[in-house]
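Report on the structure given below.
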Amino acid sequence: MPAASASRRGVTVREAEWPGDAAFVGAAVSTYLRQTEQEKHDVLGDPAESEAELPERYRPEVRDPATAYAGGRVLVAELAGAPVGVVIALPHAGYTEIKRLWADPAVRGRGVGSALLDAVLVEAEGAVRLSVWDWRDAAIRLYASRGFRPVDPWDDRDRLLRFESRTSLHPAAESSTVRDSKG
């Protein structure tokens with residue numbers, strides 16, 4: 001797969017390069033997952049895992065993201081050459097699933113999440129699906145701004161919302177450019 005890059009509002013999005021990006025991607029995913037587990041504890045009353053431990057089901061993503069996400073697209077967002085965000089997009093029959101989308105809290109509001117989401121939408125064929133917890137208002141607003149609409153659930157977790165977008169209906173995807181790093 002060619003290394004794609006796009007730049008928007010000073011945010012550059014590119015394909016992850018292994019093994020060079022493995023530490024950043026693993027750390028970003030770990031931060032995302034730990035935040036999610038803490039939120040689930042705070043909002044849902046779920047038992048919190050200790051700070052040192054993630055649930056076993058998540059550990060392969062943190063330890064070896066290149067293997068965990070093999071066959072998918074892992075895109076890294078950078079500001080001023082420093083990695084500040086990541087999105088994981090996994091292909092399925094007829095759709096792409098956004099599995100993880102994370103921006104460093106220090107740069108939120110600067111277009112990192114938008115740039116990552118747009119980069120996925122530009123390249124996706126067919127529908128793009130994702131799920132988000134109902135308390136993540138900023139994320140829900142971002143998804144709605146990119147044409148995502150609520151759809152029927154594909155799992156039974158309470159308070160988890162499911163959204164879908166079709167790239168042909170996505171105006172930002174139609175006007176964005178994602179280019180090969182060679183030109």
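The values are calculated or read from the model by the stated rules, or taken from the named source; none is laboratory data. Because the structure is a prediction, the values reported are computed rather than measured. Virtual Cβ from ideal backbone geometry, glycine too; neighbours counted across all protein chains shown. We work out accessible area using only protein heavy atoms, side chains counted, and drop any ligands, DNA or RNA first. Shrake-Rupley method; radii C 1.70, N 1.55, O 1.52, S 1.80 Å.
Dipole size in debye (nearest 20) for segment 110-155 around its Cα centre, Lys and Arg Cβ +1, Asp and Glu Cβ -1?
Numbers: 6 positive and 7 negative charges, 46 e Å.
For segment 110-155, the charge dipole is close to 220 debye.
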Along the charge dipole of segment 66-146, which of Leu130, Ala68, Gly94 sits closest to the positive end, that is, farthest toward it, with unit charges on the beta carbon of Lys, Arg, Asp and Glu (+1, +1, -1, -1)?
Leu130
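With only alpha-carbon atoms in the gyration tensor, what are the semi-axes of the equivalent ellipsoid for segment 1-144, in Å, largest first? Before the final figure, lay out each step's value.
Values: eigenvalues 105, 61, 54 Å².
Each semi-axis is √(5λ); the values are 23, 17, 16 Å.
Report the extension gain between Ala144 and Asp158 in nm, rounded to one decimal, defined as 0.36 nm multiplied by the number of residues separating them, less their alpha carbon distance. Don't jump to the answer; show the numbers that get you there.
Values: separation 14, 0.36 × 14 = 5.04 nm, distance 2.04 nm.
The span from Ala144 to Asp158 would gain 3.0 nm if fully extended.
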How big is the charge dipole of segment 39-113 about its Cα centre, in debye rounded to the nearest 20, if each Lys and Arg gets +1 on its Cβ and each Asp and Glu gets -1 on its Cβ?
380
Expressed per residue, the solvent accessible area of segment 1-127 in Å² (1.4 Å probe) is about 47
What ranking do 14-24, 95-105 get when scored by the average of other Cβ atoms within 10 Å per residue, highest first?
95-105, 14-24
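How much FRET efficiency would the formula 1/(1 + (r/R0)^6) give for Val151 and Ala80, where r is the Cβ-Cβ distance and R0 is 41 Å, rounded to 0.05? Don't jump to the answer; show the numbers that get you there.
Values: r = 37 Å, r/R0 = 0.91.
About 0.65, to the nearest 0.05.
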